[in-house]
Amino acid sequence: MILKVVKYGNPVLRKKGARIESVTAEIKKLIADMFETMYAYKGVGLAAQQVGHAVQLTVIDVRGVTDRPSSLEIKGEPVDVAEFMPLVLINPELTLVGEKAAGPEGCLSFPEVFAEITRPQLVDVKASNEKGKPIEFRADGLLSRAIQHEWDHLHGILFIDRMDKKTKEELRPDLDVLQVETKAELAAEKK
């Protein structure tokens, strides 16, 4: 089922997600719905907060992106990224590694808003997968960026929080309009 993606201005986007203690039927359904939603909106990642659930769950699939490569290592050995996708991360823990680099980012909760965001190039990830099994790997490229972006969502951090001041000020009119529209929509839903 395609879920509604919440937009900037919805308070759930600022909520830190609760840990998931077990992969229940409800969580499995949420995972399936999140993938369906992410693909429908042509995203590469989606956090549970973006569909109204404040839990530590994100889904990622970078296979469709050919102009921004990704790489992945398990125990120091390169692994084909495509074989590791689609990716489910439950309760992810990150260790940021390497030099920082700027790169383009967008967000399904901020339609038509894009900016250069500076993040570490590499990330070491420890998480559980959709079966509740532990996984560990190192990601680089777009996959690293997507994981860091989604991890931020799981902790109530938005990519606008990572923008430099000048960029954020340039985008302020668009952000203000989006926030007003979202709050009006939320008020209408309560009636």
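The values are calculated or read from the model by the stated rules, or taken from the named source; none is laboratory data. Keep in mind the model is a prediction, meaning the values are calculated, not measured. We place every Cβ from the backbone using ideal geometry, glycine too, and count neighbours over all the protein chains shown.
Pairs only if they're at least six apart or on different chains, beta carbon under 8 angstrom, first in region 48-63 and closer than 14 Å to N91 by Cβ and touching a residue at least 40 places away in the same chain (Cβ under 8 Å), second charged (D, E, K, R) and buried (at least 24 other Cβ atoms within 10 Å of the Cβ); list them, first residue then second.
Once the first residue is closer than 14 Å to N91 by Cβ and touching a residue at least 40 places away in the same chain (Cβ under 8 Å) and sits in region 48-63, its partners that are charged (D, E, K, R) and buried (at least 24 other Cβ atoms within 10 Å of the Cβ) give T58/E150.
Determine which member of the set E116, E130 is in a loop (DSSP other than H, G, I, E, B), among the acidic types (D, E) and surrounded by fewer than 20 Cβ atoms within 10 Å (Cβ to Cβ). Break it down into steps so the answer makes sense when it comes.
On the way: E116 fails: in a loop (DSSP other than H, G, I, E, B).
Of the residues listed, the single one that is in a loop (DSSP other than H, G, I, E, B), among the acidic types (D, E) and surrounded by fewer than 20 Cβ atoms within 10 Å (Cβ to Cβ) is E130.
Considering only residues that are over 14 Å from E136 (Cα atoms) and hydrophobic (A, V, I, L, M, F, W, C), look in region 86-106 and name the one that is surrounded by the fewest Cβ atoms within 10 Å (Cβ to Cβ).
A102
Report yes if L30 is surrounded by 14 or more Cβ atoms within 10 Å (Cβ to Cβ) and assigned to a helix (DSSP H, G or I), otherwise no. Lay out the reasoning, then the answer.
Numbers: surrounded by 14 or more Cβ atoms within 10 Å (Cβ to Cβ): yes; assigned to a helix (DSSP H, G or I): yes.
Taking the combined requirement at face value, the residue satisfies it.
Spot the failing condition for E112; the list is (1) over 20 Å from A47 (Cα atoms); (2) modelled with pLDDT under 95, and only one is missed.
Failing condition for E112: (1).
Just wondering, is there one or more residues in region 83-102 that are outside any strand (DSSP E or B) and under 14 Å from the mean Cα position of the chain (by Cα)? Don't jump to the end; show me each part of the working.
Initially, region 83-102 is screened for residues outside any strand (DSSP E or B), giving 83-86.
When the remaining residues are screened for being under 14 Å from the mean Cα position of the chain (by Cα), the result is 86.
Yes, there is a match, as at least one residue in region 83-102 is outside any strand (DSSP E or B) and under 14 Å from the mean Cα position of the chain (by Cα).
Of all residues in region 147-163, which are surrounded by 13 or more Cβ atoms within 10 Å (Cβ to Cβ), of a type in the set (D, E, K, R) and over 17 Å from P92 (Cα atoms)? Before you say what the answer is, go through the steps one by one.
Just the residues of region 147-163 that are surrounded by 13 or more Cβ atoms within 10 Å (Cβ to Cβ), to begin with: 147-160, 162-163.
Right, trim to of a type in the set (D, E, K, R) and you get 150, 152, 162.
The answer is R162, and nothing else.
Answer yes or no as to whether D124 is within 18 Å of K42 (Cβ to Cβ), more than 15 Å from the chain's Cα centre (by Cα) and charged (D, E, K, R). Talk me through it step by step, then tell me what you get.
Values: within 18 Å of K42 (Cβ to Cβ): no; more than 15 Å from the chain's Cα centre (by Cα): yes; charged (D, E, K, R): yes.
Criteria not met by D124.
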